[in-house]
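J.: The structure's right below; bear with me while I get my questions together.
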Amino acid sequence: MAARMPGVLASFEHIDAATDAIKALKARGYTDLTVYTAAPNHEVEEALATPNSGVRRFTPIGGL
């Protein structure tokens, strides 16, 4: 039998509603969130508050 993974699936018409939901989930202690958007969105990134990857530093250095 496959193990079940708890989760929530939601679709929002407005980005403000999505960011409010993300913030509410984080306030309740849910830290492992995965969010999919059709295009990059800065409001969602801010609501998730994920740390920046170190790859950003190494990519320009490697390019030079």
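Values quoted throughout were computed directly from the atomic coordinates according to the rules given, and no laboratory measurement underlies them. What you see is a predicted model, and the numbers here were worked out from it, not measured in a lab. Please note: Cβ atoms are built from the backbone with ideal geometry, for glycine as well, and neighbour counts cover all protein chains shown.
J.: Considering the zone a paramagnetic label at E43 would reach in this model (a point 7 Å from Cα along the Cα-to-Cβ line), which residues of the stretch 7-26 have amide N under 11 Å from it?
T.: It comes to 13-21, nothing else.
J.: Using a simple charge model, +1 on the beta-carbon of Lys and Arg, -1 on the beta-carbon of Asp and Glu, nothing else, what dipole does the chain show about its Cα centre, in debye to the nearest 20?
T.: 340
J.: Report the GluC sites (Glu not before Pro) located in the stretch 23-64 that are in a DSSP loop and have at most 16 other Cβ atoms inside 10 Å of their Cβ, or state none. Before the final figure, lay out the partial values.
T.: On the way: sites: E43, E45, E46; in loops: none.
When the GluC sites (Glu not before Pro) of the stretch 23-64 are filtered for loop state and at most 16 Cβ neighbours within 10 Å, nothing remains.
J.: Enter the angle in degrees (range 0 to 90, nearest 10) between the Cα long axis of helix 15-27 and the first principal axis of the Cα atoms of the chain, meaning the one along which they spread out most.
T.: Rounded to the nearest ten degrees, it is 80.
J.: Scan [x] 1.01; [y] 1.23; [z] 1.46 for the value of Cα Rg over 2.2 N^0.38 Å calculated from this model and give just the label.
T.: It is the value labelled [z].
J.: What is the local net charge at E43, summed over the other residues whose Cβ is closer than 13 Å to its Cβ (Lys, Arg +1; Asp, Glu -1)?
T.: Taking every Cβ under 13 Å from that of E43, the sum is -3.
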